[in-house]
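Below: one structure, written as structure tokens.
The values are calculated or read from the model by the stated rules, or taken from the named source; none is laboratory data. Please read these numbers as outputs of a predicted model, since none were measured by experiment. Backbone-built Cβ (ideal geometry, glycine too); neighbour counts: all protein chains shown. Heads up: the accessible areas ignore ligands, DNA and RNA and are worked out on the full protein's heavy atoms, side chains in. Shrake-Rupley method; radii C 1.70, N 1.55, O 1.52, S 1.80 Å.
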Amino acid sequence: RRVHGAAAPQYARDFTAKSQAFRERARLQEGEFIIAVRRDSFFPDSWPQIARASPAELKRRFRVQIQGEAGLDYGGVSREFFFEISKQMFSPYYGLFEYASHENYLLQISKVPFFDQDSPQVLRCVGRLVGIAVLNQKFVDAFFVRHFYKMMLGKQPDISDMEIVDPEFANSLRWMLANDIDGVLFEQFVDYVTEFDTRRCVELKPGGKTIDVTNSNKQEYVRLIVKFRLVDVIQDRMRMFLDGFNDVIPLELLRIFDEKELELLIGGINDVDVDDWQRNTQYRAPYSAKHAVVKWFWAVVREMSPEQRSRLLQFSTGTSKVPLGGFKELYGSNQQQLFCIDHHENADALPRSHTCFNRIDLPEVRSKEELRRRLLYAVEESAGFGIQ
């Protein structure tokens with residue numbers, strides 16, 4: 001898409017305005033909902049109290065009393081509570097959530113069978129706790145795979161979501177769509193799942209075992225297998241989480257947001273350390289740290305608002321979350337991979353991102369203002385995603 005000489009865009013998404021509209025409809029009710037917990041046992045102590053509460057109680061102002069501590073909760077204690085409880089309830093130890101891959105710190109609903117009979121109720125309580133946090137304008141310290149937020153909004157995932165979880169499989173699907181597969185690939189409309197060391201075949205549609213994947217139906221196959229792997233295998237568990245969230249905030253109120261904005265609503269806007277980001281960035285020729293376009297890029301980043309920087313990070317890496325160890329610990333598709341600035345071959349194009357590789361391709365523009373305009377346009381419109 002060419003934007004050279006075009007006027008600055010009227011952004012389709014205004015997160016601040018949407019948040020204000022959301023708060024007008026998702027209001028706290030009169031009274032307080034108070035729970036008592038021990039500092040070393042936030043999650044085990046809190047979830048039974050959350051489970052017993054009625055939806056009406058959950059909509060009241062949330063307060064936390066920590067046993068043995070006299071501090072009153074005017075917001076700071078509950079803010080700390082959500083930060084600390086996030087480490088516990090989203091830990092793979094409980095078997096409710098898991099990391100998207102061995103190299104990916106994003107969370108997704110676990111596909112491992114439940115071993116604890118309380119797990120369904122606990123997962124619903126996690127949904128309630130996330131809803132309570134959002135209602136009370138607090139944040140949870142967890143960032144999920146993009147299709148998790150899409151499922152909260154009632155949207156279907158696509159290949160770009162599969163890239164985050166399994167980039168190798170996503171690339172094979174893209175190859176299938178781009179090439180003639182008749183007489184080359186011999187697949188049927190099935191997939192396979194393993195449960196308790198038993199592998200079973202699942203049809204992606206009725207009669208799928210007898211339907212060959214061909215050039216004429218491969219689009220449908222890709223859509224169905226992405227949906228099966230990302231949605232169907234966890235749908236029952238996701239429903240438990242969503243039912244819990246819906247006990248606090250009606251899910252339809254979230255649909256004012258897109259999946260990227262929902263990530264910011266739940267997890268907050270990172271205060272990105274630009275110095276750390278710049279120190280841990282690689283460049284590809286002809287760009288270097290001394291190139292004018294690169295200097296303009298960092299100047300623009302420093303002038304951005306925190307929300308814009310979070311959006312730029314989403315655009316470039318797939319998430320607004322920075323690893324605990326900073327930008328030096330960024331992971332790509334299957335290994336540790338620093339942020340990279342590469343040269344875009346088309347000087348008139350928008351910046352292009354490769355989220356699996358934490359890379360952004362910048363066109364060789366003539367001024368800082370031109371770079372700012374194109375960069376903000378690309379980030380706000382989510383245009384120009386690339387695949388390698």
Only one of V184, V190, V112 is surrounded by fewer than 21 Cβ atoms within 10 Å (Cβ to Cβ), in contact with a Lys or Arg (Cβ under 6 Å, 6 or more places away or on another chain) and free of Cβ contacts under 8 Å to residues at least 24 places away in the same chain, namely V190
Lone unmet requirement of (1) charged (D, E, K, R); (2) open to solvent by 50 Å² or more (accessible area, probe 1.4 Å); (3) under 25 Å from P250 (Cβ atoms) for K150
(2)
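Using the structure shown, decide if I234 is under 30 Å from A51 (Cα atoms), open to solvent by less than 40 Å² (accessible area, probe 1.4 Å) and in a helix (DSSP H, G or I).
So I234 passes the test.
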Among the candidates V213, V193, V184, V233, single out the residue that is among the β-branched types (V, I, T) and modelled with pLDDT of 95 or more.
V213
What number goes with the only condition from (1) surrounded by 13 or more Cβ atoms within 10 Å (Cβ to Cβ); (2) in a strand (DSSP E or B) that C201 does not pass?
(1)
Closer than 25 Å to S101 by Cα, at pLDDT 90 or above and aromatic (F, W, Y): which single residue out of F327, F385, F339, F357 fits that description?
F339
How many of the residues in region 75-90 are modelled with pLDDT of 85 or more and either open to solvent by less than 30 Å² (accessible area, probe 1.4 Å) or in contact with a strand residue (DSSP E or B) (Cβ under 6 Å, 6 or more places away or on another chain) (or both)?
6
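Restrict the check to region 285-298 and report whether at least one residue is more than 26 Å from F144 (Cβ to Cβ), of a type in the set (S, T, Y) and without any contact (Cβ under 8 Å) to a residue 40 or more places away in the chain. Before you say what the answer is, go through the steps one by one.
Keep residues of region 285-298 that are more than 26 Å from F144 (Cβ to Cβ), which gives 285-298.
Going one step further and asking which of them are of a type in the set (S, T, Y), we end up with 287-288.
Okay, now just the ones that are also without any contact (Cβ under 8 Å) to a residue 40 or more places away in the chain, so 288.
Yes, because at least one residue in region 285-298 is more than 26 Å from F144 (Cβ to Cβ), of a type in the set (S, T, Y) and without any contact (Cβ under 8 Å) to a residue 40 or more places away in the chain.
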Inside region 250-265, the number of residues satisfying the requirement of being open to solvent by 20 Å² or more (accessible area, probe 1.4 Å) and closer than 22 Å to L330 by Cβ is 2
Does any residue in region 228-254 that is over 25 Å from P113 (Cβ atoms) come within less than 7 Å, Cβ to Cβ, of a residue that is open to solvent by 20 Å² or more (accessible area, probe 1.4 Å) and outside any helix (DSSP H, G or I) six or more places away or on a different chain, and which pairs are these?
V248/K59
From the list A289, A299, A347, exactly one residue is in a helix (DSSP H, G or I) and open to solvent by 10 Å² or more (accessible area, probe 1.4 Å). Which is it?
A299
Under 8 Å by Cβ, and 6 or more places apart or on different chains, what pairs join a residue from region 196-215 that is of a type outside the set (S, T, N, Q) with one that is open to solvent by 100 Å² or more (accessible area, probe 1.4 Å)?
R199/Y192; R200/Y192; C201/Y192; C201/K209; V202/Y192; E203/K209; D212/F186
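Test I132 against the stated conditions and say whether it is of a type in the set (A, V, I, L, M, F, W, C), assigned to a helix (DSSP H, G or I) and either within 20 Å of D258 (Cβ to Cβ) or open to solvent by 60 Å² or more (accessible area, probe 1.4 Å) (or both). Show your work before the answer.
On the way: of a type in the set (A, V, I, L, M, F, W, C): yes; assigned to a helix (DSSP H, G or I): yes; either within 20 Å of D258 (Cβ to Cβ) or open to solvent by 60 Å² or more (accessible area, probe 1.4 Å) (or both): no.
Against the criterion (of a type in the set (A, V, I, L, M, F, W, C), assigned to a helix (DSSP H, G or I) and either within 20 Å of D258 (Cβ to Cβ) or open to solvent by 60 Å² or more (accessible area, probe 1.4 Å) (or both)), I132 does not qualify.
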Of everything in region 258-276, what is part of a helix (DSSP H, G or I), under 20 Å from the mean Cα position of the chain (by Cα) and not acidic (D, E)? Give them in sequence order.
K260, L262, L264, L265, I266, G267
Within the set of pairs 6+ apart or on separate chains, which have a first residue in region 266-284 that is open to solvent by 80 Å² or more (accessible area, probe 1.4 Å), a second that is modelled with pLDDT of 95 or more and acidic (D, E), and C-beta atoms under 6 Å apart?
R284/D342
